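Undergrad: This is the structure, below, for whatever I ask next.
The values are calculated or read from the model by the stated rules, or taken from the named source; none is laboratory data. Values in this document were obtained by computation on a predicted structure and should not be read as measured data. Here the Cβ is made from the backbone with ideal geometry for all residues, glycine too, and neighbour counts use every protein chain on show.
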Amino acid sequence: MYYIALLAPDAINEDVMQWKHFMRDRFGCTVALKSPAHITLISPFWMKTDLESILGKTINEFTSTRESVLINLKNFDCFTPRVIFVHVEDSELLRLLQVDLERHLSKNNIFPIKGEPRFFHAHITIANRDLHKKDFTEAWEYFKSKTYHACFVANGITLLKHSGIKWEPVYTAFFPLT
(Lines give C-alpha, C1' and ligand atoms only; values in the text may rest on other atoms or scores of the structure.)
Protein backbone atom coordinates (compact mmCIF):
# COMPACT_ATOMS: atom_id res chain seq x y z
CA MET A 1 0.00 0.00 0.00
CA TYR A 2 1.25 3.49 -0.90
CA TYR A 3 0.37 7.16 -0.62
CA ILE A 4 1.91 10.38 -1.94
CA ALA A 5 2.55 13.42 0.24
CA LEU A 6 4.47 16.55 1.09
CA LEU A 7 6.60 15.73 4.13
CA ALA A 8 7.09 18.31 6.85
CA PRO A 9 10.67 19.10 7.87
CA ASP A 10 12.17 17.50 10.97
CA ALA A 11 11.43 20.38 13.36
CA ILE A 12 7.73 20.36 12.49
CA ASN A 13 7.65 16.56 12.52
CA GLU A 14 9.01 16.68 16.10
CA ASP A 15 6.24 19.09 17.15
CA VAL A 16 3.58 16.91 15.55
CA MET A 17 5.04 13.74 17.07
CA GLN A 18 4.74 15.28 20.55
CA TRP A 19 1.02 15.82 19.97
CA LYS A 20 0.64 12.32 18.53
CA HIS A 21 2.33 10.93 21.66
CA PHE A 22 -0.05 12.97 23.83
CA MET A 23 -2.97 11.41 21.95
CA ARG A 24 -1.47 7.94 22.38
CA ASP A 25 -0.86 8.40 26.09
CA ARG A 26 -4.20 10.07 26.85
CA PHE A 27 -6.60 8.37 24.43
CA GLY A 28 -4.80 5.29 23.09
CA CYS A 29 -4.52 6.69 19.55
CA THR A 30 -1.66 5.02 17.67
CA VAL A 31 -2.63 5.02 13.97
CA ALA A 32 -1.28 8.53 13.26
CA LEU A 33 2.06 7.57 14.85
CA LYS A 34 2.71 5.27 11.90
CA SER A 35 3.33 8.20 9.49
CA PRO A 36 5.70 11.14 9.56
CA ALA A 37 4.07 14.59 9.63
CA HIS A 38 2.76 15.16 6.11
CA ILE A 39 0.11 16.63 3.84
CA THR A 40 -1.51 13.87 1.80
CA LEU A 41 -1.71 14.63 -1.92
CA ILE A 42 -2.84 11.16 -3.08
CA SER A 43 -4.71 8.97 -0.59
CA PRO A 44 -3.52 5.42 0.12
CA PHE A 45 -3.81 2.94 -2.72
CA TRP A 46 -2.71 -0.62 -3.44
CA MET A 47 -0.10 -1.10 -6.14
CA LYS A 48 2.22 -3.87 -7.27
CA THR A 49 5.78 -3.30 -6.07
CA ASP A 50 7.16 -3.57 -9.62
CA LEU A 51 5.40 -0.29 -10.49
CA GLU A 52 7.21 1.59 -7.70
CA SER A 53 10.16 2.78 -9.84
CA ILE A 54 7.86 3.76 -12.71
CA LEU A 55 5.72 5.76 -10.29
CA GLY A 56 8.85 7.43 -8.90
CA LYS A 57 9.90 8.45 -12.42
CA THR A 58 6.40 9.74 -13.16
CA ILE A 59 6.37 11.84 -9.98
CA ASN A 60 9.83 13.15 -10.89
CA GLU A 61 8.54 14.08 -14.35
CA PHE A 62 5.72 16.00 -12.68
CA THR A 63 7.91 17.86 -10.15
CA SER A 64 10.40 18.90 -12.84
CA THR A 65 7.84 21.40 -14.17
CA ARG A 66 6.72 22.71 -10.77
CA GLU A 67 7.94 25.10 -8.11
CA SER A 68 8.24 24.51 -4.40
CA VAL A 69 5.23 25.55 -2.32
CA LEU A 70 5.18 27.63 0.84
CA ILE A 71 3.12 25.89 3.52
CA ASN A 72 1.72 27.95 6.41
CA LEU A 73 0.53 26.10 9.49
CA LYS A 74 -1.73 27.86 11.95
CA ASN A 75 -3.33 26.32 15.01
CA PHE A 76 -5.54 23.22 14.93
CA ASP A 77 -8.78 22.04 13.41
CA CYS A 78 -10.87 18.89 13.23
CA PHE A 79 -13.16 16.70 11.19
CA THR A 80 -15.78 15.80 13.78
CA PRO A 81 -15.96 13.19 15.33
CA ARG A 82 -12.65 11.41 14.70
CA VAL A 83 -9.87 13.58 13.26
CA ILE A 84 -7.75 16.29 14.88
CA PHE A 85 -5.05 18.00 12.86
CA VAL A 86 -2.70 20.93 12.42
CA HIS A 87 -4.48 23.44 10.19
CA VAL A 88 -2.80 24.21 6.86
CA GLU A 89 -3.75 27.66 5.62
CA ASP A 90 -5.58 27.63 2.31
CA SER A 91 -3.31 27.98 -0.71
CA GLU A 92 -4.33 28.03 -4.34
CA LEU A 93 -0.84 26.77 -5.32
CA LEU A 94 -1.16 23.79 -2.99
CA ARG A 95 -4.66 22.99 -4.23
CA LEU A 96 -3.50 23.16 -7.86
CA LEU A 97 -0.49 20.98 -7.07
CA GLN A 98 -2.78 18.27 -5.69
CA VAL A 99 -5.29 18.44 -8.55
CA ASP A 100 -2.60 18.49 -11.23
CA LEU A 101 -0.67 15.62 -9.63
CA GLU A 102 -3.80 13.48 -9.46
CA ARG A 103 -4.55 14.29 -13.10
CA HIS A 104 -0.93 13.58 -14.15
CA LEU A 105 -0.87 10.19 -12.43
CA SER A 106 -4.29 9.16 -13.74
CA LYS A 107 -3.85 10.12 -17.37
CA ASN A 108 -2.38 6.83 -18.57
CA ASN A 109 -4.19 4.41 -16.22
CA ILE A 110 -0.95 2.67 -15.18
CA PHE A 111 -1.36 3.46 -11.50
CA PRO A 112 -4.40 2.39 -9.46
CA ILE A 113 -5.12 5.87 -8.18
CA LYS A 114 -8.73 6.88 -7.75
CA GLY A 115 -9.77 10.50 -7.97
CA GLU A 116 -10.57 11.90 -4.55
CA PRO A 117 -14.34 12.48 -4.35
CA ARG A 118 -13.99 14.89 -1.42
CA PHE A 119 -12.70 18.43 -1.68
CA PHE A 120 -8.95 18.58 -1.01
CA HIS A 121 -8.49 19.86 2.53
CA ALA A 122 -4.79 20.05 3.33
CA HIS A 123 -3.94 19.17 6.93
CA ILE A 124 -1.37 17.39 9.10
CA THR A 125 -3.08 14.65 11.10
CA ILE A 126 -2.55 14.26 14.84
CA ALA A 127 -5.27 11.65 15.50
CA ASN A 128 -7.72 9.95 13.18
CA ARG A 129 -9.70 6.75 12.87
CA ASP A 130 -8.72 5.27 16.24
CA LEU A 131 -9.87 8.34 18.18
CA HIS A 132 -13.07 7.05 19.75
CA LYS A 133 -16.13 9.23 19.32
CA LYS A 134 -16.59 9.25 23.10
CA ASP A 135 -13.11 10.82 23.51
CA PHE A 136 -13.35 13.33 20.69
CA THR A 137 -14.85 16.21 22.68
CA GLU A 138 -12.21 15.99 25.41
CA ALA A 139 -9.36 15.70 22.89
CA TRP A 140 -10.68 18.60 20.81
CA GLU A 141 -11.06 20.75 23.97
CA TYR A 142 -7.32 20.30 24.51
CA PHE A 143 -6.34 21.38 20.97
CA LYS A 144 -8.95 23.96 19.98
CA SER A 145 -7.50 26.76 22.10
CA LYS A 146 -3.84 25.85 21.57
CA THR A 147 -1.85 28.10 19.28
CA TYR A 148 0.73 26.94 16.80
CA HIS A 149 2.40 28.79 13.95
CA ALA A 150 5.02 27.43 11.59
CA CYS A 151 5.81 27.51 7.92
CA PHE A 152 8.01 25.53 5.58
CA VAL A 153 8.84 25.27 1.93
CA ALA A 154 7.72 21.95 0.49
CA ASN A 155 10.60 21.18 -1.83
CA GLY A 156 9.51 17.78 -3.07
CA ILE A 157 6.81 15.14 -3.33
CA THR A 158 7.32 11.85 -1.50
CA LEU A 159 6.02 8.37 -2.23
CA LEU A 160 5.47 6.41 1.00
CA LYS A 161 4.99 2.67 1.35
CA HIS A 162 3.50 0.72 4.23
CA SER A 163 6.09 -1.70 5.63
CA GLY A 164 3.51 -3.77 7.49
CA ILE A 165 4.27 -1.74 10.62
CA LYS A 166 4.51 1.89 9.52
CA TRP A 167 4.65 4.20 6.51
CA GLU A 168 8.15 4.77 5.16
CA PRO A 169 9.38 7.17 2.46
CA VAL A 170 10.64 5.23 -0.57
CA TYR A 171 11.18 8.01 -3.07
CA THR A 172 11.21 11.82 -3.12
CA ALA A 173 11.08 13.86 -6.32
CA PHE A 174 12.37 17.36 -5.68
CA PHE A 175 11.15 20.54 -7.30
CA PRO A 176 13.80 22.37 -9.34
CA LEU A 177 15.69 25.05 -7.46
CA THR A 178 14.37 28.50 -8.31
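Undergrad: Pairs needed: first member in segment 102-121, touching a residue at least 60 places away in the same chain (Cβ under 8 Å); second member anywhere, among the polar types (S, T, N, Q) and in a helix (DSSP H, G or I); C-beta distance under 7 Å; at least 6 residues apart or different chains.
TA: From residues that are touching a residue at least 60 places away in the same chain (Cβ under 8 Å), the pairs are 105/58; 113/106.
Undergrad: Conditions first: (1) farther than 20 Å from residue 167 by Cβ; (2) of a type in the set (D, E, K, R); (3) modelled with pLDDT of 95 or more. Residue 67 passes all but one, so which condition is the exception?
TA: (3)
Undergrad: Can you name the residue in segment 94-124 that is at pLDDT 90 or above and acidic (Asp, Glu) and, of all such residues, is nearest to residue 155 (Cα to Cα)?
TA: In this case the residue turns out to be 100.
Undergrad: Would a scan of segment 78-88 turn up a residue that is under 12 Å from the mean Cα position of the chain (by Cα), farther than 24 Å from residue 119 by Cα and of a type outside the set (Ser, Thr, Tyr)?
TA: no
Undergrad: Tally time: how many residues in segment 7-39 are in contact with a strand residue (DSSP E or B) (Cβ under 6 Å, 6 or more places away or on another chain) and either surrounded by fewer than 17 Cβ atoms within 10 Å (Cβ to Cβ) or free of Cβ contacts under 8 Å to residues at least 40 places away in the same chain (or both)?
TA: Looking only at that region, the number is 2.
Undergrad: Filter segment 89-116 down to the residues that are in a loop (DSSP other than H, G, I, E, B) and among the hydrophobic types (A, V, I, L, M, F, W, C), then identify the one that is farthest from residue 5 (Cα to Cα). Steps first, please.
TA: Going through segment 89-116, the residues in a loop (DSSP other than H, G, I, E, B) turn out to be 89-91, 107-116.
From the residues that got through so far, the ones that are among the hydrophobic types (A, V, I, L, M, F, W, C) too are 110-111, 113.
Numbers: 110: 19, 111: 16, 113: 14 Å.
Here the answer is 110.
Undergrad: Has segment 95-108 got at least one residue that is touching a strand residue (DSSP E or B) at 6+ places or on another chain (Cβ under 7 Å), crowded, with 18+ Cβ neighbours inside 10 Å and closer than 22 Å to residue 14 by Cβ?
TA: no
Undergrad: Find the residue count for segment 38-65, including only residues that are among the β-branched types (Val, Ile, Thr) and over 18 Å from the mean Cα position of the chain (by Cα).
TA: 4
Undergrad: Could you please find all residues in segment 71-93 being farther than 11 Å from residue 121 by Cα, crowded, with 17+ Cβ neighbours inside 10 Å and among the aliphatic types (A, V, I, L, M)?
TA: Once the filter is applied, which keeps residues that are farther than 11 Å from residue 121 by Cα, crowded, with 17+ Cβ neighbours inside 10 Å and among the aliphatic types (A, V, I, L, M), segment 71-93 yields 71, 73, 83, 84, 86.
Undergrad: Hey, another quick one. What are the pairs with Cβ atoms under 7 angstrom where one residue, in segment 125-137, is within 25 Å of residue 74 (Cβ to Cβ) and the other, located anywhere, is surrounded by fewer than 18 Cβ atoms within 10 Å (Cβ to Cβ) and charged (D, E, K, R)? Sequence gap at least six, or different chains.
TA: Once the first residue is within 25 Å of residue 74 (Cβ to Cβ) and sits in segment 125-137, its partners that are surrounded by fewer than 18 Cβ atoms within 10 Å (Cβ to Cβ) and charged (D, E, K, R) give 128/82; 129/82; 131/82; 136/82.
Undergrad: Is at least one residue of segment 55-65 among the small types (Gly, Ala, Ser), in a helix (DSSP H, G or I) and touching a residue at least 24 places away in the same chain (Cβ under 8 Å)? Outline the logic, then answer.
TA: Quick first cut of segment 55-65, residues among the small types (Gly, Ala, Ser) only: 56, 64.
Then drop every residue that is not in a helix (DSSP H, G or I), which leaves 56.
Next, only the ones that are touching a residue at least 24 places away in the same chain (Cβ under 8 Å) stay: 56.
Looking through segment 55-65, at least one residue is among the small types (Gly, Ala, Ser), in a helix (DSSP H, G or I) and touching a residue at least 24 places away in the same chain (Cβ under 8 Å).
Undergrad: Still on this structure, I have one more. Of all residues in segment 26-43, how many are within 25 Å of residue 72 (Cα to Cα), hydrophobic (A, V, I, L, M, F, W, C) and touching a His at 6+ places or on another chain (Cβ under 9 Å)?
TA: Within segment 26-43, residues that are within 25 Å of residue 72 (Cα to Cα), hydrophobic (A, V, I, L, M, F, W, C) and touching a His at 6+ places or on another chain (Cβ under 9 Å) number 2.
Undergrad: Filter segment 18-37 down to residues that are part of a helix (DSSP H, G or I) and within 14 Å of the chain's Cα centre (by Cα) and give me whichever is farthest from residue 127 (Cα to Cα). Spell out how you get there, then give the answer.
TA: Residues of segment 18-37 that are part of a helix (DSSP H, G or I), as a first pass: 18-27, 31-34.
Checking which are within 14 Å of the chain's Cα centre (by Cα) leaves us with 31-34.
Numbers: 31: 7, 32: 6, 33: 8, 34: 11 Å.
Result: 34.
Undergrad: If a residue has to be hydroxyl-bearing (Ser, Thr, Tyr) and under 17 Å from residue 138 (Cα atoms) to count, how many in segment 1-29 make the cut?
TA: 0
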